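Q: Please see the structure below; I have some questions.
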Amino acid sequence: MRSPVPRFRDVERQAGGQHPAQCLPPFHERQNNMWFIRDACGIVCAIITWFLVFFAEFVVLFLMLIPSNNLTYSLVNGTLFNSLAFLALASHFRAMCTDPGAVPKGNATKEYIESLQLKPGQVVYKCPKCSSIKPDRAHHCSVCKRCVRKMDHHCPWVNNCVGENNQKYFVLFTMYICLISLHTLVMVVFHFLYCFEDDWTKCSSFSPPATVILLILLCFEALLFLIFTSVMFGTQIHSICTDETGIEQLKKEERRWAKKTKWMNMKAVFGHPFSIAWFSPFSTPEHGKADPYQYVV
């Protein structure tokens with residue numbers, strides 16, 4: 001027999017207390033300016049990501065393009081490489097500094113639950129770790145210490161969760177890194193062939209040993225990131241098309257949401273309608289306002 005009043009459950013077996021200190025909004029919510037996770041591992045990984053892009057920039061420009069006698073080759077490849085690098089870093093910055101869809105921390109209060117105007121028998125789930133009302137398809141991130149809507153995974157390379165609001169930027173980041181890695185590999189192969197046919201002292205402003213070492217390091221970096229980002233890009237596109245996050249696939253959660261077409265799922269992430277803005281990290285897709293009844297079942 002159902003209870004005549006709305007029920008209130010913890011998501012986990014251990015109940016989480018609602019202490020006043022836990023219900024205070026975090027620093028980034030009080031300022032309402034920038035989202036940034038203060039995780040040492042994530043910050044180091046993000047710095048390494050930018051360092052590797054700038055290392056590739058240095059080798060490509062000062063070892064392959066600037067010393068080249070073919071001006072057209074240098075201009076075309078330099079423009080393409082720098083454009084991809086700029087878009088990749090811009091996408092990384094947006095993925096890192098965009099709220100992934102965090103649920104308001106400490107909102108599991110009696111007043112807020114009453115404001116939802118729940119029907120008799122509806123159940124409200126509370127996360128005992130962050131004292132928030134947990135929406136459907138939200139999961140708690142132990143690094144961000146928040147519940148995130150449609151959380152796919154926490155990525156240390158962007159120092160953030162990949163969720164409802166920043167999945168577009170993460171997909172663009174993986175795509176542009178994949179493209180720039182492929183472009184770099186092609187340029188390295190052509191430069192190696194050019195140096196083998198010509199004098200090594202004339203194909204670079206560096207000494208032959210330094211040239212070989214830098215080219216090998218760049219080739220290894222480009223190959224590694226090409227494989228990694230292409231797999232991540234394919235995984236994300238598959239996740240978007242099936243409308244099933246990585247955590248939901250891993251836990252094999254039962255689908256309780258309406259099934260949509262692949263094209264509708266793509267537009268839900270990248271924006272409606274299809275346009276060049278899909279490929280721009282500076283364009284913010286409209287996700288719509290959160291439905292207060294998504295917190296209940």
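Q: Considering only residues that are in contact (Cβ under 8 Å) with a residue 40 or more places away in the chain and surrounded by fewer than 22 Cβ atoms within 10 Å (Cβ to Cβ), look in the range 166-186 and name the one that is farthest from Ser83 (Cα to Cα).
A: Here the residue is Leu185.
Q: Confirm whether Glu254 is open to solvent by less than 50 Å² (accessible area, probe 1.4 Å), modelled with pLDDT under 90 and under 21 Å from Cys147 (Cβ atoms).
A: Taking the combined requirement at face value, the residue does not satisfy it.
Q: Hey, can you tell me all the residues within the range 257-283 that are open to solvent by 50 Å² or more (accessible area, probe 1.4 Å) and polar (S, T, N, Q)?
A: Thr261
Q: Continuing with this model, one more query. Which residue pairs have Cβ atoms closer than 6 Å, lie 6 or more positions apart in sequence or on different chains, and pair a first residue in the range 188-215 that is over 16 Å from Ala56 (Cβ atoms) and exposed (fewer than 14 other Cβ atoms within 10 Å of the Cβ) with a second residue that is at pLDDT below 85 and aromatic (Phe, Trp, Tyr)?
A: Pro208/Trp200
Q: Going by the conditions given, is Leu75 surrounded by fewer than 16 Cβ atoms within 10 Å (Cβ to Cβ) and free of Cβ contacts under 8 Å to residues at least 24 places away in the same chain?
A: yes
Q: Hey, can you tell me all the residues within the range 130-154 that are more than 19 Å from Gln249 (Cα to Cα) and β-branched (Val, Ile, Thr)?
A: Scanning the range 130-154 gives Ile133, Val143.
Q: Looking at the structure I just gave you, is Val231 surrounded by fewer than 16 Cβ atoms within 10 Å (Cβ to Cβ) and over 30 Å from Ala138 (Cβ atoms)?
A: No: the conditions fail for Val231.
Q: If you take the residues of the range 83-101 that are free of Cβ contacts under 8 Å to residues at least 60 places away in the same chain and open to solvent by less than 60 Å² (accessible area, probe 1.4 Å), which of them is nearest to Pro135 (Cα to Cα)?
A: Selected residue: Leu89.
The values are calculated or read from the model by the stated rules, or taken from the named source; none is laboratory data. Keep in mind the model is a prediction, meaning the values are calculated, not measured. Neighbour counts run over all protein chains shown; Cβ positions are idealised from the backbone, glycine included. We work out accessible area using only protein heavy atoms, side chains counted, and drop any ligands, DNA or RNA first. Shrake-Rupley method; radii C 1.70, N 1.55, O 1.52, S 1.80 Å.
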